[in-house]
Each structure stands twice: as structure tokens, then as C-alpha cells.
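To start, the structure under review is shown below, and the notes come after it.
The values are calculated or read from the model by the stated rules, or taken from the named source; none is laboratory data. Here the structure is a predicted model, which means the values were calculated and not measured. So basically every Cβ, Gly included, is an ideal-geometry build from the backbone, and we count neighbours across all protein chains shown. Remember, those area values only see protein heavy atoms, side chains included, never the ligands or the DNA or RNA. Shrake-Rupley method; radii C 1.70, N 1.55, O 1.52, S 1.80 Å.
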Amino acid sequence: MNWDEFAHWGKHISDWSAEYHKTLRDRPVRAQTAVGETAAQLPTAPPEGAEAMDAIMADFERIVMPGITHWQHPRFFAYFPANAAPPSMLAEQLVNTVASQCMLWQTSPAATEVEGVMVDWLRQALGLAEGFTGVIQDSASSATLSAVLTMRERATGYTGNRDGLSDKGHLRIYCSTEVHSSIDRACWVAGIGQANLVKIPTTGPMYGMDAVALQAAIRADIALGHTPAGIIAITGGTGIGGSDSLGPILEVARAHDLYTHLDAAWAGSAMICPEYRDEFWADVDGFDSIVFNPHKWLGAQFDCSVQFLRDAAPQLNTLKIEPEYLKTTGDAVTNYSEWTIPLGRRFRALKIWFLIRSYGLEGLRLRIRNHVKWAQELCEEIRTLDGFEIVTEPILSLFSFRCAGDDEMQQRLVDALNDDGRIYLTQGAFEGQKIIRFQVGQFDATRDDVMMAHKVIKEVWEQIK
Ligand SMILES: *Cc1c(COP(=O)(O)O)cnc(C)c1O
């Protein structure tokens, strides 16, 4: 492909993209294709000869698009949002074009320096104390793994990487029962093991970790000769939004000199609104590591996960490796690949710069405040629906409900709603029962989009009950 053809197709795809977004409301939210349907339309072997771009593009529309679930659909209420605001998409197009590897300062000084400033803009936006630095990772899972590795190394006097773990006994990590599965997986791959991830029961209206039970569990582990290594707290758990009360957990951590990590992957974005901080983030500045995903609620296209560090040294002592070919000479610089597990890095900060400048923090706050308000309004509507009960009240913009009937009936309703296509919801679990989750957070959602869910749920329920 030459650059004139590239320009032609670039314009075509840009027009196609705008049209796609303008007509998104008319499409079913969840893909309606059957298992294997897409693969069956692809040739089983790669072509030997070149094919024309118009044929490739036509097949993209014909074969691929029907099998896409529309995450940017304004009536996407499943999982959590993965918002891609238009300015962040444009920034990604530029990043795709320049296609730099941003592993070291010298491999693209601007990428490193914009990243440093964007992490600090976001620190201020979230109301975190001065002194936090940070790094942009691909996902919260990677940031949490980095933190767990840091817990491991710190608790073993930084000997785990060197000597292995065979003589380290039982390193123990603590979290609540409401955490995301990425915490379990981080403990698996860090060599801690599922059996040494201690899940503490929750208490109170926010389903936060019981700090008294946490203290007791740590004391019991020490009595058994185990080595407590760290605590992982959560703001906005995936199931129902469970959020820990941070101060009491930090007190326990300090008493036992434990490293602390806070997973706010979803709910962290809401902390750009100062009014939520007292309830969710009192004492947050005491955490050693905090992760939140601008690629969820805030609007920075996937992938974009920010990890803040109160002191970067423990993580650098854990992950930094400097073979000769990566050494840089001259003035001291930040090389962000030393802060993370992968060496290669995309230029992710650019989309944050485009996003924040295009909307201003006030524009982003307005969306989040609306989402929280509309989720509460819809929750009240569903509460009055015959045969329905609210199981967990809204935590920010997430609540859960059940229809009359057993767990199988909940799944039938979810599947029927998603087959209907006007809205998209997913199920979850709470206290041993299946629940139906509802979260509001799509960037372009309007109040009408949200309130329409009431009508759709009512209609579909009448058909299947
Ligand atoms: C989404 C989510 C994660 C995982 O985020 P990734 O960036 O996909 O790894 C972890 N924790 C919570 C609370 C989440 O909502």
C-alpha cells in the first residue's frame, strides 16, 4: 500500500467511523451471531497473493461487524463501561501512525514526559496528595500484579527474584471477598498461591472489608509462622460495587508494616467528583499503590490504566532490570519500562491529554454525576416493577436486582434481554445467589437511554415469566 492509498482509506475509515457512531442506537447491543458463525466465513488458509483493500473492507463489514458487541452503544449496561471518547480515538490514530516504542526516555522523550505530566494531572483530578508519582499500564490486572510482586519482594528482603521462593514459607496477602478475579490471578502468577490469599468477610452497607477480622487473621497467621506481605483494598468491586473503608485497613497495615494496594479500576474515575471522596476515599493518601482505569468510566480508549505510587522505589527494586543494551547515558531520566513487567510500551498518555483538554474536568464530571443520578432513578423504577426486588442498592452507578423465581430464571431473563438487543446486561453473584447487574456509565448515554431499560425489562419479563 502506498501513502496515497493510505490517505484514501484513512478518510474512508474515518467517515465510516463517524457513521457507525451516529447510527449505533439502531443496532442490537450484544452480537447476535452463533458460536462459530464468524470463523466459518473466513478462508481456512492465508492468501498467497495480494488482495485489494476494497475487498478487505467489504469483508470486514460483511463478516466481522455482525459479530461485534457494541461497547460504545449508549444502552450498554453490562460489566463496566470501556468508554472511547472521540478525542481519545483520534489520539490513538496518531499514536498508531507514529507507532513508537516508548520503553525508555530516549526511545521517545515526549511520550515519557507527557506521561509524567498526565499522571500528575490525574493525581490532581482525583484529589490525591502531592508526592504520588505513577505509570500508565495496559490494564489494572498488570498494575495489581506489579503491586503483588512488590509485596512479595519487600516481604522477603528483595530476595525472591534472586533466589526463588522455595525457602520463603507462606507469604500471605489479604483482601475482602468482593475483590476482582485479577487479585487471585496476580497471587497465582506471583508464586503466592490461591491458598495464601486470605479473603476477609465484608460488613456494612458498602460491603467493605471487616478490619477487625483482618487484624485477627493477620495475628493468627503470624502465630502460625506465616509471613504477612500485603493488603489489597477495593473501591468499587465488580460484582456489586463493594467498597472498603480505607482508614481502618491502613491502621492494620501500619501496625504490621504491610504494603498496601488499592484497586479502584472502575470507581476511581468517579473520584474526579470531590463530593464522592469523603464516602469512598477518606484516607486514600495512605496507600502505597493505587490503580484506576481511565479506559473504563473516564473515556480514554482501552487500554489505559494508571498506577499511582506513593514511593516508586519498592516497585522499581522489584521490576527494574538494566541490561547493557537498555542503558542510557547522560542526565538522569525516567525510563517507565523499569516500573512495569513488559518492556515495550505504547504511548498511552496522548489520549488522556486529548480527552481532558477536549472536555475539561467539568465536562467529564458532568457525565459521571448524570450516570450516578440516572442509575438511582432507574433503580427506583425497577423497585416498583411487579415481581422484582432490588438486591443491592446503588453504589455510585451500579446496583443489582432479581426477578421472581430461581437462579435459572435470572439467567433466562438476562439471556432474553440480550437476545432482544435493545439493552445489554450481565449477571453476577451475591451471597450465594445469582443477581442481575445494572451499571450506567456509557459516555454518550442519555437519560432516555437509561430509563428505556425499565420499559424493555418489563416487556421482556412479561414474555418469559
Ligand atoms: C475491570 C476491573 C479490573 C480489571 O481491569 P483490567 O484493566 O481489565 O485488568 C480489576 N478490578 C476491578 C474492580 C475492575 O472493575
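So in region 272-327, with the set limited to residues that are of a type in the set (Ser, Thr, Tyr) and more than 16 Å from the ligand (Cβ to nearest atom), which one is nearest to residue 255 (Cα to Cα)? Full working, then the answer.
Taking region 272-327 and keeping what is of a type in the set (Ser, Thr, Tyr), we get 276, 289, 305, 318, 325.
In the following step, the residues that additionally are more than 16 Å from the ligand (Cβ to nearest atom) were identified as 318, 325.
On the way: 318: 23, 325: 43 Å.
Checking each candidate, the answer is 318.
Hey, any hits in region 78-97 for a residue that's farther than 18 Å from residue 306 by Cβ, open to solvent by 80 Å² or more (accessible area, probe 1.4 Å), touching a residue at least 40 places away in the same chain (Cβ under 8 Å) and among the aliphatic types (A, V, I, L, M)?
Checked against the condition, which is being farther than 18 Å from residue 306 by Cβ, open to solvent by 80 Å² or more (accessible area, probe 1.4 Å), touching a residue at least 40 places away in the same chain (Cβ under 8 Å) and among the aliphatic types (A, V, I, L, M), region 78-97 yields at least one hit.
Condition test on residue 114, is it within 27 Å of residue 270 (Cα to Cα), open to solvent by 30 Å² or more (accessible area, probe 1.4 Å) and touching a residue at least 40 places away in the same chain (Cβ under 8 Å)?
Details: within 27 Å of residue 270 (Cα to Cα): yes; open to solvent by 30 Å² or more (accessible area, probe 1.4 Å): yes; touching a residue at least 40 places away in the same chain (Cβ under 8 Å): yes.
It is true that residue 114 is within 27 Å of residue 270 (Cα to Cα), open to solvent by 30 Å² or more (accessible area, probe 1.4 Å) and touching a residue at least 40 places away in the same chain (Cβ under 8 Å).
For region 136-161, which positions are surrounded by fewer than 24 Cβ atoms within 10 Å (Cβ to Cβ) and either of a type in the set (D, E, K, R) or touching a strand residue (DSSP E or B) at 6+ places or on another chain (Cβ under 8 Å) (or both)? Write out each step before concluding.
Residues of region 136-161 that are surrounded by fewer than 24 Cβ atoms within 10 Å (Cβ to Cβ), as a first pass: 138-139, 141-142, 145, 149, 153-161.
Result: 138, 139, 142, 153, 154, 155, 156.
To keep it simple, each residue is scored yes or no on (1) hydrophobic (A, V, I, L, M, F, W, C); (2) under 20 Å from the mean Cα position of the chain (by Cα).
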site: 121; (1), (2): yes, yes
site: 139; (1), (2): no, yes
site: 145; (1), (2): yes, yes
site: 152; (1), (2): no, no
site: 172; (1), (2): no, no
site: 176; (1), (2): no, yes
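Please specify each residue of region 1-47 satisfying the condition of being of a type in the set (A, V, I, L, M, F, W, C) and either closer than 15 Å to residue 59 by Cβ or not in a helix (DSSP H, G or I) (or both). Spell out the reasoning first.
Applying the first criterion (of a type in the set (A, V, I, L, M, F, W, C)) to region 1-47 yields 1, 3, 6-7, 9, 13, 16, 18, 24, 29, 31, 34-35, 39-40, 42, 45.
1, 9, 13, 16, 29, 31, 34, 35, 39, 40, 42, 45 - these are the residues of region 1-47 that are of a type in the set (A, V, I, L, M, F, W, C) and either closer than 15 Å to residue 59 by Cβ or not in a helix (DSSP H, G or I) (or both).
Out of all the residues in region 67-77, which are closer than 27 Å to residue 447 by Cα and either more than 16 Å from the ligand (Cβ to nearest atom) or open to solvent by 50 Å² or more (accessible area, probe 1.4 Å) (or both)? Can you show your working first?
Our first condition is that a residue be closer than 27 Å to residue 447 by Cα; within region 67-77, this holds for 68-77.
Passing the criteria: 68, 70, 71, 72, 73, 74, 75.
Could you please let me know if residue 133 is surrounded by fewer than 17 Cβ atoms within 10 Å (Cβ to Cβ), among the polar types (S, T, N, Q), within 16 Å of the ligand (Cβ to nearest atom) and in contact (Cβ under 8 Å) with a residue 12 or more places away in the chain?
Numbers: surrounded by fewer than 17 Cβ atoms within 10 Å (Cβ to Cβ): yes; among the polar types (S, T, N, Q): yes; within 16 Å of the ligand (Cβ to nearest atom): no; in contact (Cβ under 8 Å) with a residue 12 or more places away in the chain: yes.
It is false that residue 133 is surrounded by fewer than 17 Cβ atoms within 10 Å (Cβ to Cβ), among the polar types (S, T, N, Q), within 16 Å of the ligand (Cβ to nearest atom) and in contact (Cβ under 8 Å) with a residue 12 or more places away in the chain.
On the basis of being under 22 Å from the mean Cα position of the chain (by Cα) and either away from the ligand (no atom under 16 Å from the Cβ) or at pLDDT 95 or above (or both), does residue 269 make the cut?
On the way: under 22 Å from the mean Cα position of the chain (by Cα): yes; either away from the ligand (no atom under 16 Å from the Cβ) or at pLDDT 95 or above (or both): yes.
Yes; evaluated as a whole, the condition is true for this residue.
Based on what the data block shows, is residue 104 touching a residue at least 24 places away in the same chain (Cβ under 8 Å), surrounded by fewer than 18 Cβ atoms within 10 Å (Cβ to Cβ) and more than 16 Å from the ligand (Cβ to nearest atom)? Let's see the steps before the verdict.
Numbers: touching a residue at least 24 places away in the same chain (Cβ under 8 Å): yes; surrounded by fewer than 18 Cβ atoms within 10 Å (Cβ to Cβ): no; more than 16 Å from the ligand (Cβ to nearest atom): yes.
Judged against the criteria, residue 104 is not a match.
Identify, please: which residue in region 173-187 is farther than 15 Å from residue 266 by Cβ and surrounded by fewer than 21 Cβ atoms within 10 Å (Cβ to Cβ) and is, among those, nearest to the ligand (Cβ to nearest atom)?
Restricting to residues being farther than 15 Å from residue 266 by Cβ and surrounded by fewer than 21 Cβ atoms within 10 Å (Cβ to Cβ), the top hit is 185.
Please name all residue pairs, on different chains or six or more residues apart, with Cβ atoms under 9 Å, provided the first residue is in region 180-200 and is among the aromatic types (Phe, Trp, Tyr) and the second residue is in a helix (DSSP H, G or I).
Short answer, once both residue conditions are applied: 188/194.
Would you confirm whether any residue within region 236-244 is away from the ligand (no atom under 16 Å from the Cβ) and in contact (Cβ under 8 Å) with a residue 24 or more places away in the chain?
Taking region 236-244 and keeping what is away from the ligand (no atom under 16 Å from the Cβ), we get none.
So far as region 236-244 goes, no, none of its residues is away from the ligand (no atom under 16 Å from the Cβ) and in contact (Cβ under 8 Å) with a residue 24 or more places away in the chain.
I'd like the full set of residues that are within 27 Å of the chain's Cα centre (by Cα) and charged (D, E, K, R), limited to region 27-58. Steps first, answer last, please.
As a first pass, look at region 27-58 and keep what is within 27 Å of the chain's Cα centre (by Cα): 27-33, 35.
27, 30 - these are the residues of region 27-58 that are within 27 Å of the chain's Cα centre (by Cα) and charged (D, E, K, R).
Which one is farthest from the chain's Cα centre (by Cα), of the residues in region 78-92 that are more than 16 Å from the ligand (Cβ to nearest atom) and of a type in the set (Gly, Ala, Ser)? Break it down stepwise before answering.
Of the residues in region 78-92, the ones more than 16 Å from the ligand (Cβ to nearest atom) are 85-87, 89-92.
Now drop any that are not of a type in the set (Gly, Ala, Ser), which leaves 85, 91.
Numbers: 85: 16, 91: 20 Å.
Across region 78-92, the extreme among qualifying residues is 91.
Looking at region 200-218, is at least one residue in contact with a Lys or Arg (Cβ under 6 Å, 6 or more places away or on another chain), at pLDDT 95 or above and either assigned to a loop (DSSP other than H, G, I, E, B) or on the phi < 0 side of the Ramachandran plot (or both)? First the steps, then the outcome.
First, the residues of region 200-218 that are in contact with a Lys or Arg (Cβ under 6 Å, 6 or more places away or on another chain): none.
Within region 200-218, not a single residue is in contact with a Lys or Arg (Cβ under 6 Å, 6 or more places away or on another chain), at pLDDT 95 or above and either assigned to a loop (DSSP other than H, G, I, E, B) or on the phi < 0 side of the Ramachandran plot (or both).
Residues in region 302-315: is at least one within 12 Å of the chain's Cα centre (by Cα) and open to solvent by 10 Å² or more (accessible area, probe 1.4 Å)? Give the steps one after another, and end with the answer.
Restricting attention to region 302-315, the residues satisfying the condition of being within 12 Å of the chain's Cα centre (by Cα) are 302-307.
Now restrict to residues that are open to solvent by 10 Å² or more (accessible area, probe 1.4 Å): 302-303.
Checking region 302-315: at least one residue is within 12 Å of the chain's Cα centre (by Cα) and open to solvent by 10 Å² or more (accessible area, probe 1.4 Å).
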